[in-house]
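S.K.: To start, I am sharing the structure in question, which I have written as structure tokens.
The values are calculated or read from the model by the stated rules, or taken from the named source; none is laboratory data. Bear in mind the structure is a predicted one, so any value in this text is a computation, not a measurement. Counting neighbours? That spans all protein chains shown, and the Cβs are built from the backbone with ideal geometry, glycine included.
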Amino acid sequence: MRQRRLAFFAWVAVCLVWGTTYLGIRITLETMPPALMGGFRWTIAGTLLAAYVRATGDRLPPRSQWGGIALLGFLLLGLGNGGGVFAEQWIPSGLTAVLVASSPFWMTAIEAALPHGEPLRARVIAGLVVGFGGILVLVWPDLTVGGAGQRRFLAGVIALQIASAGWALGSSYSRRHARGENVLGTTAYQMLAGGLILLAAGTARGEWAHLSFIPRTAWALVYLSTLGAIGGFVAYTYALRHLAVSFVSLYAYVNPVIAVALGVVLLGEPFDARMATAALLVFAGVAIVRLSPNVE
């Protein structure tokens, strides 16, 4: 009972902290390329967390676990977080959070496709149709009207769906295969793996030539690397160990509200009637999926 209560508080922390990270990412991208920014963020966070684990006398994961940890780092951070950062180059931070709300769709579909998973029932399929209908409402003008800006916006939407699928697959893998002990050490190595993958991607894309820092972006990176990364990710991992995946995924309801409000108030980001309609359809679809009796 105590573990579940702590896990619920951890879930609340995830909702609040990750709701603010979209704003932080948007600020860092003012002077930092996306892959290098993500690489710095997770490498710094992983190093700090690993140092804390060693300082407290706990052991870091042995070599026998590095393969699975690297896979989780790639899925959760390389694809999941990296895709979101890439998309925020062209999509407002609040709207990015709205689109990330589709992650419960991917979680449900992937859970159903895995061995011993529940099949997709009519209500779940209806929720998927409604939710992705919201995404279609959002991107339809960019599908019918040409231009570089529209193409970049559409590329951002596609990147977010790839990110959501990677995050969902990583979450399902973690729930089934991650060990219950040494959570902090495993999380530290996941961060390091994800950070190194993103740094390699940034190097391959030639991003170093475009990297610069100003106080505003540097402080945003510090926030993302500490509270946004260590605090949020550790809380998410703990919640995932003790609560149902379907419940944990509901943080995607709360994050957009916080992200949209911060983006509109602090950055002057647009959020018009079409975006609001698309957001409502996405949330309606997620609600239908969550109400399905085959979702735990």
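S.K.: Can you find, within segment 225-241, the residue that is nearest to THR28 (Cα to Cα) among those that are surrounded by 20 or more Cβ atoms within 10 Å (Cβ to Cβ) and among the hydrophobic types (A, V, I, L, M, F, W, C)?
M.R.: Per the criteria, the residue is ALA229.
Per-residue answers, yes or no, for (1) surrounded by 22 or more Cβ atoms within 10 Å (Cβ to Cβ); (2) under 15 Å from the mean Cα position of the chain (by Cα); (3) among the basic types (Lys, Arg):
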position	(1), (2), (3)
PRO61	no, no, no
GLY73	yes, yes, no
GLY78	yes, yes, no
VAL85	yes, yes, no
TRP90	no, no, no
LEU95	yes, yes, no
MET107	yes, yes, no
ALA113	no, no, no
VAL124	yes, no, no
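S.K.: Taking the condition of a type outside the set (A, V, I, L, M, F, W, C) and part of a loop (DSSP other than H, G, I, E, B), does PRO270 pass?
M.R.: yes
S.K.: Just wondering, is there one or more residues in segment 164-187 that are over 27 Å from LEU71 (Cα atoms) and modelled with pLDDT of 75 or more? Break it down into steps so the answer makes sense when it comes.
M.R.: Our first condition is that a residue be over 27 Å from LEU71 (Cα atoms); within segment 164-187, this holds for none.
No: segment 164-187 contains no residue that is over 27 Å from LEU71 (Cα atoms) and modelled with pLDDT of 75 or more.
S.K.: Further question on the same structure: Any residue that is more than 25 Å from GLY131 (Cα to Cα), touching a Phe, Trp or Tyr at 6+ places or on another chain (Cβ under 9 Å), of a type in the set (Val, Ile, Thr) and in contact (Cβ under 8 Å) with a residue 24 or more places away in the chain - is there at least one of those in segment 228-237?
M.R.: Yes, segment 228-237 has at least one match.
S.K.: So, one more: Tell me which residues, restricted to segment 28-44, are crowded, with 21+ Cβ neighbours inside 10 Å and under 24 Å from VAL254 (Cα atoms).
M.R.: Scanning segment 28-44 gives THR28, GLY38, ARG41, TRP42.
S.K.: To continue, here is another question. Kindly indicate whether ARG59 is among the charged types (D, E, K, R) and more than 15 Å from THR217 (Cβ to Cβ). Quick ask: steps written out before the conclusion?
M.R.: Values: among the charged types (D, E, K, R): yes; more than 15 Å from THR217 (Cβ to Cβ): yes.
Yes: the conditions hold for ARG59.
S.K.: Here's another thing I want to ask about it. Does ALA252 satisfy being of a type outside the set (Val, Ile, Thr) and either without any contact (Cβ under 8 Å) to a residue 60 or more places away in the chain or in contact with a strand residue (DSSP E or B) (Cβ under 8 Å, 6 or more places away or on another chain) (or both)? Break it down stepwise before answering.
M.R.: Details: of a type outside the set (Val, Ile, Thr): yes; either without any contact (Cβ under 8 Å) to a residue 60 or more places away in the chain or in contact with a strand residue (DSSP E or B) (Cβ under 8 Å, 6 or more places away or on another chain) (or both): no.
So ALA252 fails the test.
S.K.: Next up: Would you call ARG5 of a type in the set (Lys, Arg) and either over 30 Å from LEU211 (Cβ atoms) or at pLDDT below 95 (or both)? Give the derivation first.
M.R.: Working: of a type in the set (Lys, Arg): yes; either over 30 Å from LEU211 (Cβ atoms) or at pLDDT below 95 (or both): yes.
Answer is yes for this residue.
S.K.: Among the numbered criteria (1) surrounded by fewer than 21 Cβ atoms within 10 Å (Cβ to Cβ); (2) farther than 17 Å from PRO33 by Cα; (3) out of contact with any Asp or Glu (no Cβ under 7 Å at 6 or more places or on another chain), which one does ALA244 miss?
M.R.: Result: ALA244 passes all but (3).
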